[in-house]
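Right, one structure below, let's go through it.
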Amino acid sequence: IPFYRLKEAMRDIPALQTAPVTTLHPKDVWSCLRLKLWDEVERRMLTWREAREAMRARALA
């Protein structure tokens, strides 16, 4: 949703009208900064180290 249409989307999409509040603690934010790559197979963010290990494991399989 483009930011300039956010108010309109919040008004018109029922699911967004009761969206729960989320909070991030500083520890959570710091952990997220280490995640750099999206793994299409596992469908999650990986660190560079995890990505290298996954590529090696897949090459051997």
task = Go through the chain and tell me which helices (runs of 4 or more DSSP H), entirely inside it, have 1 or more residues that are of a type in the set (G, A, S) and at pLDDT 85 or above.
result = 6-12, 14-17, 48-60
message = Cβ contacts < 6 Å: first residue touching a residue at least 12 places away in the same chain (Cβ under 8 Å), restricted to the range 30-56; second residue loosely packed, with under 13 Cβ neighbours inside 10 Å and assigned to a helix (DSSP H, G or I), any location; separation 6+ or different chain. Result?
response = K36/W48
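The values are calculated or read from the model by the stated rules, or taken from the named source; none is laboratory data. Because the structure is a prediction, the values reported are computed rather than measured. With ideal geometry, Cβ positions are generated from the backbone for all residues, glycine too; neighbour counts draw on all protein chains shown.
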